[in-house]
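The values are calculated or read from the model by the stated rules, or taken from the named source; none is laboratory data. For clarity, every value in this text was computed on a predicted model and none was experimentally measured. We place every Cβ from the backbone using ideal geometry, glycine too, and count neighbours over all the protein chains shown.
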Amino acid sequence: MKKTLIFFAALFFLAACGTQQSREFPKVTFDLTELESMAPNYVGQEITLSGTIDHVCKHGGGRMFLVGSNPSARIRIDAGDNIKFDAAWEGKTAFVTGILEELRIDSAYLAKWEQEVLEKKGGDHSAGVHMGEAGHEKAEEGDIEAELQRIADYRTTLLDSGKGHLSFFSIKCTSYVLADDEEQQENSKDTTK
């Protein structure tokens, strides 16, 4: 009996030591491909997800975008307090924890956004959607025609949806972990098997 107890104590000690030495990543609560359908139930709550960093906004590092295994599964990550994202992270895997937020776009929202654009209010728009599209920096700096086209595209999408609003989900990041290059290479080997 004593030998069995000593064996289990030693086994527990070895397992505990091994856990402390390995780098632990947060449990992934959501896969990005499933987030769209699950998200409405978790708005305002803290979630954790992982994905590949597709884009980091170069002006300030306040936003980045993660993609899942399907590149159309994409989410905006906004930096929380004392967090700044780095463009050098593009292509890396990130585990992001934060509060899930929802932006609802309806006809009234689009009308307000269009009015702001037409009045040429620069700077920080209270309306508008920042999704990290190619060339978005130019549009944010005053390309009125491009922004009006985006509004028209959202109107078409809204009409085609048959719903009263479009939902765009984002995460207000409270913490993150980047998978280091060695682990990322191991993960890519696992997926190619």
Query raised in the report: Considering region 133-142 alone, what residues qualify as being closer than 23 Å to residue 167 by Cα and either at pLDDT 60 or above or exposed (fewer than 11 other Cβ atoms within 10 Å of the Cβ) (or both)?
Result: 134, 135
Query raised in the report: Does residue 145 qualify as being over 27 Å from residue 35 (Cα atoms), surrounded by fewer than 16 Cβ atoms within 10 Å (Cβ to Cβ), at pLDDT below 90 and outside the structural domain of residue 60 (by TED's automatic domain parsing)?
Result: yes
Query raised in the report: Taking region 44-58 only, how many residues are closer than 17 Å to residue 97 by Cα, in contact (Cβ under 8 Å) with a residue 60 or more places away in the chain and not in a strand (DSSP E or B)?
Result: 0
Report task. Out of 172, 112, 120, report the one residue that is assigned to a loop (DSSP other than H, G, I, E, B) and modelled with pLDDT of 60 or more. Result -> 120
Query raised in the report: For region 69-125, how many residues are closer than 25 Å to residue 32 by Cα and small (Gly, Ala, Ser)?
Result: 10
